[in-house]
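Undergrad: Quick one: the structure is below, questions incoming.
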Amino acid sequence: TTVIAAKYGLKVPRTAQRWVEAFRKHGDEGLMRKQHGGRKPVLNESHKAYLTALFDDNPAATIDEAIDGLTKDFVGLEIKRSAVNNFLKHEMKMTFKKVELHAEARDSP
């Protein structure tokens with residue numbers, strides 16, 4: 001297992017030992033990452049459809065506008081900015097760029 005650890009650049013041989021042990025017990029399945037528990041997502045497909053329509057109609061819309069619209073249209077929905085941002089980033093593959101304002105060129109020297 002020390003050879004395996006070195007081959008994969010592991011600093012701790014115990015990691016390779018665990019991999020070998022998991023493979024011997026469960027085969028390839030033992031090497032797959034296990035899903036961990038966690039909080040269920042607050043946003044679902046209907047929210048996704050709403051956000052898609054919002055950003056299709058207004059590409060310059062902000063996350064704050066999305067939150068306002070979601071909480072207004074979906075009664076009882078309480079959601080944080082980070083949850084909406086993560087949903088847009090991971091589920092909808094959308095990211096936001098900061099607006100850069102540039103001064104207009106002048107005619108004077």
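Readers should treat all values here as calculations from the given coordinates under stated rules, not as data from a laboratory. Treat the numbers as computed from the prediction; the structure is a model and nothing was measured. Positions of Cβ are generated from backbone atoms using ideal geometry, with glycine treated the same way; all protein chains shown enter the neighbour counts.
Undergrad: With a cut-off of at most 10 other beta carbons within 10 Å, and DSSP calling the residue loop, which GluC sites (Glu not before Pro) in the stretch 1-87 qualify? Please list them. Don't skip to the answer; put the middle values down first.
TA: On the way: sites: GLU21, GLU29, GLU45, GLU65, GLU78; in loops: GLU78.
Sites meeting the loop and neighbour criteria: GLU78.
Undergrad: Further question on the same structure: State the extension gain, in nm to one decimal, for the chain segment bounded by LYS89 and HIS26, taking 0.36 nm per residue of separation less the distance between their alpha-carbons.
TA: Contour length minus the Cα-Cα distance gives 19.3 nm.
Undergrad: Going by a ≥ b ≥ c, the root eigenvalues of the Cα gyration tensor, does the stretch 45-91 fall in the rounded group (a/c under 1.5), the prolate group (a/b larger than b/c) or the oblate group?
TA: Note, shape of the stretch 45-91 comes out rounded.
Undergrad: What translational D, rounded to a whole number of µm²/s, comes out for the stretch 1-45 from Stokes-Einstein when the hydrodynamic radius is the Kirkwood one over Cα pairs, at 20 °C and 1.002 mPa s?
TA: Translational diffusion coefficient: 170 µm²/s.
Undergrad: From the list (i) 1.22; (ii) 1.45; (iii) 1.82, can you say which value of Cα Rg over 2.2 N^0.38 Å was derived from the structure given?
TA: The value computed from this structure is option (iii).
Undergrad: Let me check I've understood the local charge: for THR2, count other residues with C-beta under 13 angstrom from its C-beta, Lys and Arg +1, Asp and Glu -1. What total comes out?
TA: Here the count lands on +3.
Undergrad: Something else now. Roughly how many debye, to the nearest 20, is the charge dipole of the chain about its Cα centre, given +1 on each Lys and Arg Cβ, -1 on each Asp and Glu Cβ, and no other charges?
TA: The calculation lands at about 1180 debye.
Undergrad: Can you show me the helix-derived [θ] at 222 nm for the chain, built from DSSP H runs with n ≥ 4 at -39,500 (n - 2.57) apiece and divided by the number of residues, rounded to the nearest 500.
TA: My calculation for the chain gives -13500 deg cm²/dmol from helical runs alone.
Undergrad: Counting other Cβ atoms within 10 Å, keep those with at most 15, restrict to DSSP loop, and tell me which trypsin sites (Lys or Arg not before Pro) in the stretch 9-109 are left.
TA: Those satisfying the criteria are LYS11, ARG33, LYS34, ARG39, LYS80, LYS93, LYS97, LYS98, ARG106.
Undergrad: Could you tell me which of LEU77, PHE87, LEU31 has its Cα farthest along the dipole of the chain towards the positive end, charges placed at Cβ (Lys, Arg +1; Asp, Glu -1), taken about the Cα centre?
TA: LEU31
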